[in-house]
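Encoded as structure tokens, the structure appears first; notes follow it.
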Amino acid sequence: MAYRYSPAPRPIDVPVQSLLAQVLGLVALGMLVTAIAAYFFQGLPQTMTLTIGGFILSMILLFVINGVARTNPPLALLLYYAFTFLMGVWIAPVISIYAQMDGPQVVLQAAETTGLGMLTLAVVVYATSIDFRRFSGIATLALLALILVGFVNIFLHFLHGTMYAWITLGVFTLWTLIDFARIRAGGDGYTPVQMAVQIYLDALNIFLALLQIFGNRRRD
């Protein structure tokens, strides 16, 4: 899983009425860049070097994006698209494996479900008076537990992959609600690019979880 990165917010003046449109536009373009990269690098073998190297480079890009988001927005935007391209290269072997084992329709199904799910969650946030930001502490603990369980499970294999994918789906569904609630509240001090990174990572993790769920379902 790609997981997420939450930089510390600082005050910034972003018009509330335009923030959602900016963020969704950035996320949509970022997903398109990821899809293009995944398509062109679908033959890339899944190796430990690629996995670890991609993770380290992605974390570096995320920290740099956060560092320049306010002082140099154009550079932050450029780095954001570089990050989404890197994510496409990183997940290309995974998508290729599922496409070969279960058929390309599984990838398409996971992508469509992710899009519809993200739209539904946004509607839930904007159509209700619930402030999902109050669950940020729970979501953070759940994410830390998810990472720890995933690491231990690599060696002990005590949790089935499908179950772990369902848990991942639940955790990032909650994070998506929280992030959309932040946008509704005006960004909570985050820039549009920073919010786009968070929503993008929510969607990417949900997509990967659904890909595993749908793929395993076909093999069961």
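Go ahead and set up a Gaussian network model of the chain, Cα springs under 10 Å, then flag whichever of 120, 173, 191 fluctuates most. Result: 120 has the largest fluctuation of those listed.
Working note: 222 nm ellipticity from helices only, DSSP H runs with n ≥ 4, each -39,500 (n - 2.57), summed and divided by the residues of the chain, gives -28000 deg cm²/dmol to the nearest 500.
Each residue of the stretch 200-207 was assigned a 3J(HN,Hα) from its phi angle through the Karplus expression (A = 6.51, B = -1.76, C = 1.60, θ = phi - 60°), giving 4, 5, 4, 5, 5, 5, 5, 4 Hz with x at Gly and Pro. Picking from 140, 60, 129, whose Cα lies most toward the positive end of the charge dipole for the chain (charges on Cβ: Lys, Arg +1; Asp, Glu -1)? Among 140, 60, 129, the one farthest towards the positive end of the dipole of the chain is 140. Couplings 3J(HN,Hα) of the stretch 51-63, computed from phi: 5, 5, x, x, 5, 5, 5, 5, 5, 4, 4, 5, 5 Hz, in residue order, whole Hz [Karplus 6.51 cos²θ - 1.76 cosθ + 1.60, θ = phi - 60°; x for Gly and Pro].
Residues considered: 66, 205, 153. Largest GNM mean-square fluctuation over the chain, using C-alpha springs under 10 Å, is found at 153.
Work out the FRET efficiency for residue 123 and residue 57 from their Cβ-Cβ distance, taking R0 = 35 Å, and round it to the nearest 0.05. If you can, show how the numbers build up before the last one.
Numbers: r = 35 Å, r/R0 = 1.00.
Calculated transfer efficiency: 0.50.
Please arrange 55, 155 by how many other C-beta atoms lie within 10 Å of their C-beta, fewest to most.
On the way: 55 13, 155 7.
By the 10 Å Cβ count, ascending, the order reads 155, 55.
Just so you know, all these numbers are worked out from the coordinates, no wet-lab data involved. Everything quoted here is computed from the prediction, not taken from an experiment. Neighbour counts run over all protein chains shown; Cβ positions are idealised from the backbone, glycine included.
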